[in-house]
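Have a look at the structure below, then the notes.
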Amino acid sequence: MIFTISKILFFLPLIASSKNLTTTTGNSTTARVLNVRIINGSDAYIKDFPYIAQIIRLSNKSNFCGGSLISDKTVLTAAHCLREDIGKNFPIGDIKLYFGTDKNAVDYPNTPYDVEKVTFFDTHIEKDIALIQLKKAVPKEVATPIQIYNGNINESMDFMIAGFGAVSLTTHKPSDYLMKAKVDLSSSNYCKRNNINWVNNNNEVICTEANKDISVCFGDSGGPLIAKINGKHVLIGVIEGNKSTLNPPGPSCGKNTVTYYMRAKYFV
């Protein structure tokens with residue numbers, strides 16, 4: 001693998017004044033107070049991202065990832081969320097998935113969903129994408145699947161990331177609440193320099209570049225790269241990881257980084 005990232009966050013954090021917000025869990029709505037703001041990110045709600053999955057290892061809750069529900073029993077995520085290395089998979093009984101809430105499931109768990117089967121897509125090189133089959137279907141009133149986009153993409157399209165990534169670079173603790181941010185595709189030299197598997201953004205690996213302190217980091221691996229087509233969210237890719245563009249390397253989160261995603265349509 002070009003880089004090793006066990007969990008990812010996006011958006012660098014900035015402590016700010018408290019803000020009263022509304023939390024939606026399933027069909028219920030309650031007040032919440034959020035004491036952290038994300039640099040150039042914004043608050044998100046599960047009603048706008050009803051396909052978001054949270055993936056947690058019970059034996060190591062710092063191994064926290066995102067995912068996307070693509071059918072009532074299938075979730076797409078990053079392979080490194082589910083294994084230490086090729087052939088060294090985490091026990092499926094240790095992995096639980098959570099849906100239908102804009103609170104993080106590490107601190108605010110709701111109904112867990114068990115894993116039936118995990119499918120990886122490695123060939124002669126490692127592919128950081130995997131499918132999770134659930135033992136039981138997720139009811140529509142809890143979560144609804146997102147459609148995978150099969151068309152070509154370009155830099156004029158609007159792209160977004162969403163998830164529960166950490167709110168501090170010094171901790172792997174996830175954000176209390178769901179967050180979102182816009183990101184821009186990149187075809188700069190940094191994309192190829194930091195990942196030999198990147199060819200262009202209509203191949204298996206997609207690249208975005210953080211020019212405004214918006215990037216992934218601890219806690220968001222496996223989460224969605226989304227586009228809005230005709231007013232509807234579609235799934236473009238799965239968050240893989242990021243690299244500093246500085247020499248010598250600087251922080252791997254925030255400005256002066258590139259982020260890579262596995263393109264969903266090539267695997268599902």
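The values are calculated or read from the model by the stated rules, or taken from the named source; none is laboratory data. If you're wondering where the values come from, they're calculated on a predicted model, not measured in any experiment. Note that we place each Cβ from the backbone using ideal geometry, even for glycine, and neighbour counts take in every protein chain shown.
Of all residues in the range 39-59, one or more are at pLDDT below 50 and not assigned by TED's automatic domain parsing to the domain that holds residue 205.
Scanning the range 256-268 for residues that are closer than 17 Å to residue 238 by Cα and either modelled with pLDDT under 85 or not hydrophobic (A, V, I, L, M, F, W, C) (or both) turns up 259, 260, 261, 263, 265, 266. When restricted to residues that are more than 21 Å from residue 232 (Cα to Cα), touching a Leu at 6+ places or on another chain (Cβ under 6 Å) and buried (at least 24 other Cβ atoms within 10 Å of the Cβ), the range 48-105 contains 1.
Among the residues of the range 127-161, not one is outside any loop (DSSP other than H, G, I, E, B) and without any contact (Cβ under 8 Å) to a residue 40 or more places away in the chain. Evaluating residue 74 against the criteria (1) modelled with pLDDT of 90 or more; (2) closer than 28 Å to residue 254 by Cα; (3) of a type in the set (Ser, Thr, Tyr) leaves one unmet condition, (2). With respect to (1) assigned to a loop (DSSP other than H, G, I, E, B); (2) charged (D, E, K, R); (3) touching a Gly at 6+ places or on another chain (Cβ under 7 Å), the lone exception for residue 180 is condition (1). Counting only residues that are exposed (fewer than 13 other Cβ atoms within 10 Å of the Cβ) and under 13 Å from residue 55 (Cα atoms), the range 108-130 holds 1 of them. Of the residues contained in the range 103-126, one or more are found to be modelled with pLDDT under 95, in a strand (DSSP E or B), over 14 Å from residue 58 (Cα atoms) and within 16 Å of the chain's Cα centre (by Cα).
Checked against the criterion of being crowded, with 22+ Cβ neighbours inside 10 Å, at pLDDT below 95 and not assigned by TED's automatic domain parsing to the domain that holds residue 216, the range 153-164 has no qualifying residue. The residue of the range 211-255 that is modelled with the highest pLDDT, among those that are out of contact with any helix residue (DSSP H, G or I) (no Cβ under 8 Å at 6 or more places or on another chain), of a type in the set (S, T, N, Q) and under 20 Å from residue 66 (Cβ atoms), is 242.
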